[in-house]
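What follows is a set of notes on a single structure, which appears directly below.
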Amino acid sequence: MLSTYTWPRYGTSPAPEVGGPLRRVPLVIVGAGPVGLAAALDAAQRGLAPLLLDDDDTVSIGSRGVCYAKRTLEILDRLGLGQRVVDKGITWNVGRTFHRAHEVFSFDLQPEAGHQRPGMVNLQQYYLEQYLVERAQALPGLDLRWKHKVGAVRALDDGVELQVETAEGAYSLHADWLIVADGARSPIRRAMGLDIEGQVFQDRFLIADVLLDREPFPLDRSERRFWFHPTFFAGQSALMHRQSDDVWRLDFQLGWEADPEAEKQPERVNPRIRQMLDQQGFGDIGFTLEWVSVYTFQCRRMARFRHGRLLFVGDAAHQVSPFGARGANSGIQDTDNLLWKLALVIEGRAPETLLDSYDRERTAAADENLLNSTRSTDFMTPKSRVARTLRDAVLSLAADVPAGRALVNSGRLSVPTVLGDSPLNTPDADAFDGWLLPGAPMDDAPVQGPQGEWLLPHLGAGFVLLVFGTPAAAVLDALRALQTREPLQVLLVAGEAPGLPTLHDVQGLLAKRCDARPGTAYLVRPDQHVAARWRHVDTASVQGALQRATGH
């Protein structure tokens, strides 16, 4: 029991299928954590009538995941709860790294203006899950069932057969498609005998959620603080950052030999926290221990995320260290990549092979996350005397030598993957400057348009063609006709034409970031990644890029 949060208990009701014949449904999602809930919301908003099953009846116990990156917040905006997360959470952009008592490195996750969302928001996972559940309850066509445990799973050529156990009895489902979001231990992955390979790191970390009597910093100075060899703790590293409700997350690296049960006891935890606060100059601040846990971690992934009609997402497909906040963030980005493709396949507007691009793109993203996560872990927890000597030399130099600061690695924080090698991209035929190449996530920018004051809310339901300026009349007619045949919306930027909505680039940042001039066009996928771009738009090129981006 926490003093700052009361866990909801969600009611269950008898399944109509109990005692009846096998029922066929288009889509089942297993696991109502952040990733499974995000998948269900996206599916419901696309009209897929998902059935979401979970074997519990509440949200996560303990704060667990806490950092939600800018890209994830933009996805949550599209799912209808981004603002609620930002309002409740703690916004931060600045991280500071110390070696003993001396600052050696700092970073700003959002060094430029002109973005709606901050670099990072801290919010306890139970709040995020609660908001996702409440959004799910408000959506028509989303059937969320608590205390429904999936037992046997059998893969078929045209779907997946599931046995589901409830207090009222068991029932069977034939799902045309199954999204597996049942976590790192994934009972479904294990039952199917599917592989997951990687590295188990031999180290232990203590997490403590602490309620402070007063705030040590003003709210507008919220920041992440990380220490190597802290003076207040005889371990290799420590971390401190703020959550909502005046709760602070403190992490202490304990070492592999630490006894997990003994280290969680208040008589061990409280002196560490007291010493940390005292040496930060907060000796007058009292505290209450809210939640404590000791964890280890692994960096690994499945060889393939798609197995016929089974689609694996989040921790069921890949696991990383907590350094860099790449767990829930990458899992929610899995669903953002998957659901628009699955919708097109179910609707018969794309071949089933389009889903192979989910596997290719998100295994590449997982490899990038694993690489960054492993590098951070190796720097933070050197595995040999030579590696430790090198790490300590970098930290000693970093305070005085600017070149050394770039080598300090206290966790490279989550950023979206540029899908540069995706088979869905149309390669550039023209020269462009900047970073918004095919495969890159589209940057936000301030605009005035039908969906408000920012660019990204104008993108995401389907494919969008951003056209800068006003094309010739014949091109406009052809684009209007193309909209009637393809899943495409045309938006004019700083142009006007009857029947086509217009965005006003109020600060010129959209054109600057796109290296755009009159006639430039960007084709943006439903997950807001760039699919193609041209200096001069023509409908044949757009239609060809659409065909490629939908797997034809």
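The values are calculated or read from the model by the stated rules, or taken from the named source; none is laboratory data. Nothing here was measured: the structure is a model prediction, and the numbers come from that model. Here Cβ is always computed from backbone atoms with ideal geometry, including for glycine, and neighbour counts include all displayed protein chains. For accessibility, only protein heavy atoms count, side chains too; no ligands or nucleic acids. Shrake-Rupley method; radii C 1.70, N 1.55, O 1.52, S 1.80 Å.
Look at (1) open to solvent by less than 10 Å² (accessible area, probe 1.4 Å); (2) out of contact with any helix residue (DSSP H, G or I) (no Cβ under 7 Å at 6 or more places or on another chain) and you find that A191 fails only one, number (1). Within the range 253-270, residues that are under 24 Å from F228 (Cβ atoms) have Cβ atoms under 8 Å from residues that are surrounded by fewer than 11 Cβ atoms within 10 Å (Cβ to Cβ) in these pairs: R268/A262, counting only partners at least 6 apart in sequence or on another chain. Only residues that are more than 19 Å from the chain's Cα centre (by Cα), under 17 Å from V133 (Cα atoms) and open to solvent by 40 Å² or more (accessible area, probe 1.4 Å) were counted in the range 42-87, giving 4. Residues in the range 387-402 that are open to solvent by 90 Å² or more (accessible area, probe 1.4 Å) and of a type in the set (A, V, I, L, M): L390, L397.
Among the numbered conditions (1) in a loop (DSSP other than H, G, I, E, B); (2) touching a helix residue (DSSP H, G or I) at 6+ places or on another chain (Cβ under 6 Å); (3) surrounded by fewer than 21 Cβ atoms within 10 Å (Cβ to Cβ), the only one that A350 does not meet is (3).
For the range 143-162, the criterion of being more than 15 Å from G31 (Cβ to Cβ), without any contact (Cβ under 8 Å) to a residue 60 or more places away in the chain and touching a strand residue (DSSP E or B) at 6+ places or on another chain (Cβ under 6 Å) is met by at least one residue. On the stretch given as the range 5-41, residues that are touching a strand residue (DSSP E or B) at 6+ places or on another chain (Cβ under 6 Å), part of a loop (DSSP other than H, G, I, E, B) and surrounded by 12 or more Cβ atoms within 10 Å (Cβ to Cβ) total 6. Quick check on the range 283-296: of everything there that is in contact with a helix residue (DSSP H, G or I) (Cβ under 8 Å, 6 or more places away or on another chain) and hydrophobic (A, V, I, L, M, F, W, C), which residue is least open to solvent (accessible area, probe 1.4 Å)? Among residues in the range 283-296 that are in contact with a helix residue (DSSP H, G or I) (Cβ under 8 Å, 6 or more places away or on another chain) and hydrophobic (A, V, I, L, M, F, W, C), the one least open to solvent (accessible area, probe 1.4 Å) is I285.
Of all residues in the range 245-260, those satisfying the criterion of being within 31 Å of the chain's Cα centre (by Cα) and either within 19 Å of A101 (Cβ to Cβ) or open to solvent by 70 Å² or more (accessible area, probe 1.4 Å) (or both) are D246, L250, D251, F252, Q253, W256. When restricted to residues that are open to solvent by less than 10 Å² (accessible area, probe 1.4 Å) and either within 23 Å of E74 (Cβ to Cβ) or at pLDDT below 95 (or both), the range 355-364 contains 3.
Scanning the range 424-452 for residues that are within 24 Å of the chain's Cα centre (by Cα), surrounded by fewer than 20 Cβ atoms within 10 Å (Cβ to Cβ) and either closer than 18 Å to R517 by Cα or of a type in the set (D, E, K, R) (or both) yields W435, L437, P446. In summary, F226 fulfils each of the numbered conditions (1) closer than 18 Å to D203 by Cα; (2) of a type outside the set (G, A, S); (3) open to solvent by 40 Å² or more (accessible area, probe 1.4 Å) with the single exception of condition (3). In the range 265-300, the residue that is farthest from F205 (Cα to Cα) out of those that are hydroxyl-bearing (S, T, Y) and under 26 Å from the mean Cα position of the chain (by Cα) is S293. The combined condition, being under 27 Å from I61 (Cα atoms) and among the aromatic types (F, W, Y), is fulfilled by F226. Inspection of the range 329-346 identifies no residue that is more than 16 Å from R71 (Cβ to Cβ), touching a His at 6+ places or on another chain (Cβ under 8 Å) and crowded, with 18+ Cβ neighbours inside 10 Å. L407 satisfies every condition listed in (1) in a loop (DSSP other than H, G, I, E, B); (2) more than 17 Å from F98 (Cβ to Cβ); (3) not aromatic (F, W, Y) except (2). Is the range 378-386 home to any residue that is open to solvent by 40 Å² or more (accessible area, probe 1.4 Å) and either of a type in the set (F, W, Y) or assigned to a loop (DSSP other than H, G, I, E, B) (or both)? Scanning the range 378-386, I find at least one residue that is open to solvent by 40 Å² or more (accessible area, probe 1.4 Å) and either of a type in the set (F, W, Y) or assigned to a loop (DSSP other than H, G, I, E, B) (or both), so the answer is yes.
For the range 101-111, residues that are assigned to a strand (DSSP E or B) and either touching a helix residue (DSSP H, G or I) at 6+ places or on another chain (Cβ under 6 Å) or surrounded by fewer than 16 Cβ atoms within 10 Å (Cβ to Cβ) (or both) total 6. Answer yes or no as to whether R23 is within 30 Å of A69 (Cα to Cα) and basic (K, R). Taking the combined requirement at face value, the residue does not satisfy it. Looking at V247, V160, V210, V164, just one residue is in contact with an Asp or Glu (Cβ under 9 Å, 6 or more places away or on another chain) and closer than 24 Å to F107 by Cα, and that residue is V247.
Residue under question is Q124, and the condition is that it be more than 17 Å from A40 (Cβ to Cβ), surrounded by fewer than 20 Cβ atoms within 10 Å (Cβ to Cβ) and under 19 Å from the mean Cα position of the chain (by Cα); does it hold? Taking the combined requirement at face value, the residue does not satisfy it. Evaluation of F98 against the conditions (1) surrounded by 21 or more Cβ atoms within 10 Å (Cβ to Cβ); (2) of a type outside the set (G, A, S); (3) part of a helix (DSSP H, G or I) shows that the sole unmet condition is (3). If we keep just the residues of the range 213-230 that are modelled with pLDDT under 90 and more than 21 Å from N93 (Cβ to Cβ), which is nearest to the chain's Cα centre (by Cα)? Restricting to residues being modelled with pLDDT under 90 and more than 21 Å from N93 (Cβ to Cβ), the top hit is F228.
Would you call N369 crowded, with 23+ Cβ neighbours inside 10 Å, without any contact (Cβ under 8 Å) to a residue 60 or more places away in the chain and either within 22 Å of the chain's Cα centre (by Cα) or assigned to a helix (DSSP H, G or I) (or both)? Considered against the rule, which asks whether it is crowded, with 23+ Cβ neighbours inside 10 Å, without any contact (Cβ under 8 Å) to a residue 60 or more places away in the chain and either within 22 Å of the chain's Cα centre (by Cα) or assigned to a helix (DSSP H, G or I) (or both), N369 comes out as yes.
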